[in-house]
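Contents: one structure, followed by commentary.
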Amino acid sequence: MKCEELRDQYELYVLGVADEPERSEIREHLKRGCEVCMAEVKRARRMSALMAGSVPAAAPSPKLRRRILASAGYEQKRFGTAPFLAAALLLSLFAVFYFSGRERDFAHLATRLDEELRSQTIELTRLNEAFAILNAADTSVTSFGAGQAQPPKGKVFVNPSQGVLLIASNLPPTQAGKAYEMWVIPNGGKGTPIPAGVFQSNRDGSAMHIRRGAVDMSSKPVIAVTVEPEGGSPGPTSAPLFGVGVQ
Ligand SMILES: [Zn+2]
């Protein structure tokens, strides 16, 4: 097997959960001193060590694993036989998705994550908050933006007691003095919009925004995003880029 074909397995390898035959292949490459694989494994080790220092204590549930893998565009079967995926890997996959405009290019993104970690731009508190919402059994998830040509797209996770987590891509940087503002609009989008915080997108157009606090699911809320002055507005002053109905 070529190194190229092994590239999405290095992280799994260092965590001891790589699939066969890739696991044996990587071992062979290392044994014969393959420079590509040695560098990749070294990189993966460094990354998992960094991640291990920052993971929540509790192991994530299988449901969370499926959810994150699905969010990142991974096929379930790819990882289905792995006996256990460390929380570090989950967190890295999640962060990989978060920092990613190109959700499927794992190797590229892993490198990217490594860079992000080193420049210390990961906001772990926010990631932990995101995990709390993702991991709750009563969290609902709604996709948006599919089928548009140049969408903002992504997912909205809503937990009745914990809050709203928005993960989006294709949100271009706002003009100077502007920011994105999220809204929770009751009555299926017909009620008075409730401000849910301002945020900026990353330079690649990805964004993660969390609004903590209870959400009244009985009002059939719509989660919407508009562009507003960077201090935020008490009510939307521009048309929503998208509005996502939540069940
Ligand atoms: Zn190799």
* Structure fact -> With N residues in the stretch 128-245, Rg(alpha-carbon) / (2.2 N^0.38 Å) equals 0.99
* Structure fact -> Candidate cut points under chymotrypsin sites (Phe, Trp or Tyr not before Pro) in the stretch 183-247, DSSP loop plus at most 10 other Cβ atoms within 10 Å of their own Cβ, are none
* Amide H to amide H under 5 Å from residue 244: which residues, 5+ apart in sequence or cross-chain, H placed 1.01 Å off N in plane? -> 223, 224
* Karplus-derived 3J(HN,Hα), 6.51/-1.76/1.60, for each residue of the stretch 153-161, Hz, glycine and proline x -> 9, x, 9, 10, 9, 10, 10, x, 9
* Asked: For the stretch 214-224, what does the Karplus curve 6.51 cos²θ - 1.76 cosθ + 1.60, with θ = phi - 60°, yield as ³J(HN,Hα) per residue in whole Hz, taken in order and with x for Gly and Pro?
  -> 5, 10, 7, 5, 5, 8, 6, x, 10, 9, 10
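Only the coordinates and a few stated rules stand behind these numbers; no lab work does. These numbers come from a predicted model, not from an experiment. We place every Cβ from the backbone using ideal geometry, glycine too, and count neighbours over all the protein chains shown.
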